[in-house]
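As structure tokens, the structure follows; a few thoughts come after it.
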Amino acid sequence: MHRPGGGGPPGAPGPAPRPPSATPPAALTSSRYSPSWAATSTSQFLESARRRAHTYDAHGPGDPGRCATYAPEVPRDALGAEQARGRGVRCRGRGQIGAGLAVAARAAGAAGRGGAGPGGLAGSCPADRVADMAGSRLPRQLFLQGVAAVFLFAFASLYTQIPGLYGTEGILPARRTLRPQGKGPWQQLWETPTLLWEAPRLGLDTAQGLELLTLLGTLLALGALLLRRLRHLLVYLLLWAAYLSACQASGPGVSLFPVVSDLWVWGFRRLGAGEGDSLLLETGFLAVLVAPLRQPSHHKQPPQGGLAGASPHEGLPFWLVRWLLFRLMFASGVVKLTSRCPTWWGLTALTYHYETQCLPTPAAWFAHHLPVWLHRLSVVATFLIEIAVPPLFFAPARRLRLAAFYSQVLLQVLIIITGNYNFFNLLTLVLTTSLLDDKHLAAEAGNSRRKKTPASWPKALLALPALLLELAVYGLLAYGTVHYFGLEVDWEQRTIHSRTSECQLGARGQGLDWAAVLIPLPSTAFTFHQFSQWLKMVTLPTMWLGGTSLAWELLVALWRWTQVQGLLRKLWTAVQLSIFGTATVAMFLVSLVGSTSQGTRRGAGRGGRSIAEPLPPGLQVPYSYMEPSTHGRLWTGAHRLFGAVEHLQLANSYGLFRRMTGLGGRPEVVLEGSYDRHHWTEIEFMYKPGNVSRPPPLVAPHQPRLDWQMWFAALGPHTHSPWFTSLVLCLLQGNEPVIHLIQSDVARYPFHKQPPTYVRAQRYKYWFSQPGEQGQWWRRQWVEEFFPPVSLGDPTLDTLLRQFGLQDKSPRRARSSSSALAQALHWVRNQLSPLEAPTLLWGLILAVGAIRVLQALLGPRPSRASPPPREEKHRPAPKKDPGANTDQAAPAPNSSSSGSQTARRKK
């Protein structure tokens, strides 16, 4: 009969089974079978297994019934759970390490860890015991799935807004920005990298080309999310190129796509859609490097964390994901203090944040009314997670990295609950997969239920210093938090005080209390000067920390390359290691420089052109600019390398929630329309605050770009947001695509029958309502007029359009519909237009979930595992009956040598 787990087809003769051991359980504790034996004879056993590996090679790579022979006999404690259950190790095909070497390496790992657990070869060598990327096969797959999911949300969200943003009747028609400049096609493509240059060849205008691009991106991302074979390097390259092309659809200065035009308000850049787009572009390019060149089939998949079948370079690009997460979090924490924002220094930022963020959720109302001491404690926890914890990403101790992982996940989940930040926090969660390993994910999947092998005394002895190191790190973090933030508990008032700078409310500007700011008083815990000196001291060491961690990964990759068998395979892996190793080092150098263009602020100059002015040193956001003197000490080659690829968005700069806004009340712009200039009707948006009795919506992962930009516009005069004038013009003209951005149900738009004759905008201050107020979520107060009343042909409107370069001098052309492709795009748009964007995105999420469930139910079921070891101990020893052995499995003709070697070893 066919033996479960065997490699041959049913009915085919299989290898001779190994008879159950007659050794009594007490003998298993002898020196021969103890883990210490495996530790002392690891090198001899590896060499012996390597010499015999050819005996256990598989048949041809296309043979579905490749052999599953037993590996050379190894003591049960050394082999771990897999060999103890009596299972053989499957061979993985030609050119790969044989089953004997794979089991031998697993035995060595068991000796080093006191037993092999989930994670396979992790710990099979000194490099693998410490290297954090040694067992990252499952985290890499999880990362690629997460990137595909975020691309799916980003493309689908943008697709629903293209007609209103960049269509022929949109706020900023894309045809104005992508115009040939008389240059060669390759030079034009390099200076403005976008596939939209090819839209005319397909019979499409720029907006239709953008629709096609986002639709294809959505379908490709959906395929990569559902089908493992589509998680390929070329697929992620297409996704990255498509999103980069979409980002070029808007021009600088007046863009609604802030990834191109950085929005600066009062001289400081806030977290906007640009942060999410920049992070997605950089993460998407890293996914190109992480994705495999060739996806192995399911039955050829090597063991989790195993060396067999793994390329030596696989861990290098994935290390860049960890480095990106470190840059993102560390810079986000540092800029909160370098900006000198008194709310962050006074630990009062969260008392304003929930109320004044771009698009709050209903949970933000409840979080806003939490006790003040809890808000202060939350700010301290934010600094701890964003500044003190990120260096632990590179800690050699695995449990420290896992603790850092769960702290980052906690922060991102809380932000998702209380704020609609599109896909940004989801993408940050995807980056945190770089802190995981195969062992942890396998344990989470249920493998931890297996009985663990007792650790050897050397392993137990070394575990004590590691535990002391972890406790020392946790104690140091706790002491530093209490000491440097001066936390004091007032048990009588049941509150927490801090000795950091207290703040008082002041005002600046022309008597505008909505521009109120906090003026810090001297600090008694640490001053800005002390923090600047500390930052100057640690910035360069953090770069060296990243460089040292990268060097270790390179050494591990080189060690793995030396273990590759076969001349041709060794040569091929050497080429791969050279290419991906060079790319990894280059990306690391580029990331140190960061985007120098983000060290400037943009404003509208004459003719609507964008002008750049340098920001103060403490506010420049490239990583090395956190401490300006460090930026000047970088290698000049890194600056030249970054200048060559800056337009490709391969490395960006980050710094989230630099300053709190709306300290005197949340500023909000309310549009109004009228037919007679006496009776005005408010134009309510779907997502941003307007009606005080409407609860905040749940929008994520959708990114409503117009509602976001309305929040930015309210922070300054309308001249800082030139696109706002174009929005007013579209409302006066009654452009239906723009109206769909404001209300997807046109019947809810107050001027759906006839466009308003006049349009104006008022500025209000909004606050969350108090718990006792029934039926209201907000309170508001009128502040001033934001935009004067204008009508079509009004000289004021024409002057503003001419000043910002928004007048369309060329005649508006009708949308091309002659080609079949254009007609197909028009049909798809008509089918999807009735759906609101969040409904469409959540429908995609539910569809993906349903398909994954069906895949799990209808997919191939794994073969049943053999009985656990404890059942074998109580199993009576069978009698020596040759016929019984023959009934179970007859030896295969080509495995006679294997059976003879096994018999000789038993003698």
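The values are calculated or read from the model by the stated rules, or taken from the named source; none is laboratory data. Because the structure is a prediction, the values reported are computed rather than measured. Cβ: placed from backbone, ideal geometry, glycine included. Neighbour counts: every protein chain shown. Surface accessibility is based on the protein's heavy atoms, side chains included, excluding ligands, DNA and RNA. Shrake-Rupley method; radii C 1.70, N 1.55, O 1.52, S 1.80 Å.
Rounded, prolate or oblate, given the Cα gyration tensor of the stretch 673-733, with a/c below 1.5 counting as rounded?
oblate
Under a 5 Å amide H to amide H cut-off, with H placed in plane at 1.01 Å, what residues pair with F657 once short-range neighbours are removed?
Excluding prolines and chain starts, which carry no amide H, the hits are L271.
Ranking request for peptides 842-850, 317-325: highest mean number of other beta-carbon atoms within 10 Å first, then the rest in descending order.
The packing order, highest mean first, is 317-325, 842-850.
Note down the accessible area of K765, probe 1.4 Å, to the nearest 10 Å².
Roll a 1.4 Å probe over it and K765 shows about 20 Å².
Evaluate the distance, in nm, between pseudo-label points positioned 7 Å from the Cα of W827 and of L237 along their respective Cα→Cβ axes.
3.3
Could you tell me whether the stretch 665-797 comes out rounded, prolate or oblate from its Cα gyration tensor? Rule is a ≥ b ≥ c as square roots of the eigenvalues, rounded for a/c under 1.5, then prolate if a/b exceeds b/c, otherwise oblate.
It is prolate, given that a/c is not under 1.5 and a/b is the larger ratio.
Can you list residues from other chains, or at least 5 along the same chain, whose modelled amide H is less than 5 Å from the amide H of W778?
S769
Rounded to the nearest 10 Å², what accessible area does T582 have for a 1.4 Å probe in the complete protein model?
90
To the nearest 10 Å², what's S833's accessible area with a 1.4 Å probe?
The accessible area comes out at roughly 60 Å².
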